[in-house]
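Here the structure is laid out as C-alpha cells; the discussion comes afterwards.
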Amino acid sequence: MFAKSEHKVFAKSEHGGAEKYARVPDSVLLNHGLSMTARCVYGVLARHVFQGTTANIGQRRIANLLGVHVGTVNRALHELEEHEHITIRGRGNGRRIYHLRSLVFGQKQRAGVEEVISSPSRTPRLASVGAD
C-alpha cells in the first residue's frame with residue numbers, strides 16, 4: 001500500500017522542460033515501405049501538432065532535433081508525401097505547413113471545417129485545414 005504523496009512528478013526531457021510525446025499511427029510506424037528517418041520525421045511533425053492537423057516547423061529544426069542533415073529531412077518529408085501520410089503546403093524559401101492526413105488527427109477536418117486560431121502575436125493562424 002502506498003501513501004499519498006504531495007510531490008508532483010514531471011518527467012524532464014534532455015532539452016529541459018517537461019517531456020513531450022507524439023501520436024504516431026500504425027499506418028506510419030509499421031509501414032515497412034517508409035525509411036526509419038521518415039517515420040522519425042513524422043513523429044517530430046506529430047509532436048508539433050497542437051490542435052487540428054497542421055504542423056509548422058522548419059526543416060532545420062527537425063534536423064537539429066533528430067541529429068540528421070537537412071537534406072535527409074527534406075527527402076523524408078517528400079517520402080511521407082509520396083505515401084500520402086502528409087500534404088506539404090508552400091514552396092520555395094518560405095516556411096512550409098505540413099498537414100498530417102491520418103485519422104488520428106483532426107476530428108473537425110474530416111467534416112471539412114477549417115480552423116483559424118489567434119497566435120500570441122494576435123495574428124490569425126491556420127491551425128488545420130480540411131482534408132483533400
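Tell me which of these Ser5 doesn't satisfy, since it passes every other one: (1) open to solvent by less than 100 Å² (accessible area, probe 1.4 Å); (2) of a type outside the set (A, V, I, L, M, F, W, C); (3) at pLDDT 90 or above. Going through (1) open to solvent by less than 100 Å² (accessible area, probe 1.4 Å); (2) of a type outside the set (A, V, I, L, M, F, W, C); (3) at pLDDT 90 or above one by one, Ser5 breaks only (3). Evaluation of Gly58 against the conditions (1) over 13 Å from His85 (Cβ atoms); (2) open to solvent by 20 Å² or more (accessible area, probe 1.4 Å); (3) at pLDDT 90 or above shows that the sole unmet condition is (2). Per the conditions (1) crowded, with 21+ Cβ neighbours inside 10 Å; (2) of a type outside the set (Asp, Glu); (3) farther than 15 Å from Ser102 by Cα, the sole criterion not satisfied by Leu66 is (1). Just so you know, in the range 70-93 the residues that are in contact (Cβ under 8 Å) with a residue 24 or more places away in the chain and out of contact with any strand residue (DSSP E or B) (no Cβ under 8 Å at 6 or more places or on another chain) include one that is nearest to Pro25 (Cα to Cα), and it is His83. The single condition among (1) at pLDDT 95 or above; (2) open to solvent by 60 Å² or more (accessible area, probe 1.4 Å); (3) not β-branched (Val, Ile, Thr) that Ser35 does not meet is (2).
Taken over the range 69-96, the criterion of being aliphatic (A, V, I, L, M) and surrounded by 16 or more Cβ atoms within 10 Å (Cβ to Cβ) is satisfied by Val73, Ala76, Leu77, Leu80, Ile86.
Does Leu29 qualify as being closer than 18 Å to Ser102 by Cβ, in contact with a Lys or Arg (Cβ under 7 Å, 6 or more places away or on another chain) and either hydrophobic (A, V, I, L, M, F, W, C) or surrounded by 12 or more Cβ atoms within 10 Å (Cβ to Cβ) (or both)? Yes; evaluated as a whole, the condition is true for this residue.
The values are calculated or read from the model by the stated rules, or taken from the named source; none is laboratory data. Given the structure is predicted, the values throughout are model-derived calculations rather than measurements. Virtual Cβ from ideal backbone geometry, glycine too; neighbours counted across all protein chains shown. Ligands, DNA and RNA are excluded from the accessible area calculation, which covers all protein heavy atoms including side chains. Shrake-Rupley method; radii C 1.70, N 1.55, O 1.52, S 1.80 Å.
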